[in-house]
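The values are calculated or read from the model by the stated rules, or taken from the named source; none is laboratory data. Computed from a predicted structure; not experimentally measured. Here the Cβ is made from the backbone with ideal geometry for all residues, glycine too, and neighbour counts use every protein chain on show. Please note that ligands, DNA and RNA were not included when accessible areas were found on the heavy atoms of the full protein model with its side chains. Shrake-Rupley method; radii C 1.70, N 1.55, O 1.52, S 1.80 Å.
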Amino acid sequence: MELKELLKKVVLLGDGAVGKTSLTARYVVNKFDDKYIATIGTKVSKKDMQLTKPNLIINLRMMIWDILGQKEYSKIRTASLSGAQGVILVGDLARPETVKSLEAFWIPEIEAAVGKVPTVLVGNKCDLADKGSMAITVLESIGQNLGYPTFLASAKTGENVENAFATLGEMLVAEVVASRPKGAEELPQTLSEAVDFIIQDFCAQYGDLEKAMLIVQHQFEEAAVDIRKPSKDAVLQALEGLAKAEELSLTKTVAAVNLEERQRMVILAKG
Ligand code: G3D
Ligand code: MG
């Protein structure tokens, strides 16, 4: 059984007063406070979940960014969106215009900032909405068009709140599970295959591909790795550099787990 620690940045987006802060409060501390203070800026909460896959346990820590919903605050928002790895789009089912604004404003906004990342749609305040209301129809059609799981939820009653976050959690780890070698026969055999796997794995976990490739390039140059004919010593040295970068971008624990796994892969590789 392998243990993997993952840290992911998740942002909640949607118009003001749709219930972003209430959903976060409900999910993180599991209560609804009618007097929850209006958000004055970005608030970050964390929530841990554990997911079990064949031969793999994943400890996922979601850093949940609750961002000011007013559309005017574009500079603060752009800064907060950077590096987002998952998105929860929230509309208020009692106000159809807030659901339409997901498609008209928030989806283009997040795609411009970070591209396509795992996303779920939440129609909040379902306790106030009639079944078959226009807001629900619009929300479900957006979800279908984009292939995003869609939930009718209520921060007030708690309905579907856990479900929406847990589904996003599953989507965040799905990438990790998919990029993982399945059986022993699929483990990297040669040193080049191991290097190829490590670079791909580093970039996937780092999130920002362009920046990740620059770090890889820098570390491989520093360690004098010849990509066409790598030596184990040089690759092992480059791994230390990658781990330092991961200590900053992920956490010390994640960096240490990754380093050990990669060192083992390189030491066992042929050639
Ligand atoms: P925001 O963070 O998206 O701006 P808030 O939204 O979480 O601050 O919520 C805005 C208002 O909607 C709050 O009311 C909150 O209590 C209410 N609300 C949030 N979720 C639900 C829900 O599921 N059902 C109902 N009925 N109300 C909800 P106040 O009056 O405190 O401004
Ligand atoms: Mg808020």
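Please give the FRET efficiency for E247 paired with E221, using the beta carbon to beta carbon distance and R0 = 25 Å, rounded to the nearest 0.05.
Numbers: r = 20 Å, r/R0 = 0.80.
Working from the Cβ atoms, E equals 0.80.
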With +1 at each Lys and Arg Cβ and -1 at each Asp and Glu Cβ, the charge dipole magnitude of the chain around its Cα centre, to the nearest 20 debye, comes out at 460
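Any chance you could run the full-extension gain for L236 through D127? It's 0.36 nm times the residue separation minus the Cα-Cα distance, nm to one decimal. Before the final figure, lay out the partial values.
Values: separation 109, 0.36 × 109 = 39.24 nm, distance 5.63 nm.
That works out to 33.6 nm of additional length.
How much mean residue ellipticity at 222 nm does the chain get from its helices, if each DSSP H run of length 4 or more adds -39500 (n - 2.57) and you divide by all residues, to the nearest 500 deg cm²/dmol? Mind dumping the intermediate values first?
Numbers: 10 runs with 128 residues, N = 271.
Computed mean residue ellipticity for the chain: -15000 deg cm²/dmol.
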Highest mean packing first, using Cβ neighbours within 10 angstrom, the peptides 255-266, 82-93 sort as 82-93, 255-266
For I57, the residues 5 or more places away or on another chain with a placed amide H closer than 5 Å to its own amide H are E2, L3, K4
Output row, site A204, 7 Å Cα→C-beta label point, backbone N cut-off 19 Å, window the stretch 76-101, residues 84-87
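Decide, for the stretch 2-178, between rounded, prolate and oblate: order the square roots of the alpha carbon gyration tensor eigenvalues as a ≥ b ≥ c, take rounded if a/c falls under 1.5, and otherwise choose prolate if a/b is larger than b/c, else oblate.
Working: a/c = 1.42, a/b = 1.36, b/c = 1.05.
Cα axes put the stretch 2-178 in the rounded bin.
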Two pseudo-spin positions, 7 Å from Cα along C-beta at E170 and at N145, lie apart in nanometres by 2.5
Heavy-atom accessible area of Y206, protein chains in place, probe 1.4 angstrom, given in Å² to nearest 10, is 50
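Could you do me a favour and compute the accessible area per residue for the chain, 1.4 Å probe, result in Å²?
Computed with neighbouring chains in place, this is 51 Å² per residue.
Which FRET efficiency value, to the nearest 0.05, do you get for T190 and D48 by plugging their Cβ-Cβ distance into 1/(1 + (r/R0)^6) with R0 = 30 Å?
On the way: r = 37 Å, r/R0 = 1.24.
Calculated value: 0.20.
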Rounded to a whole %, the carbon-and-sulfur portion of the accessible area of the stretch 191-268 at a 1.4 Å probe is 54
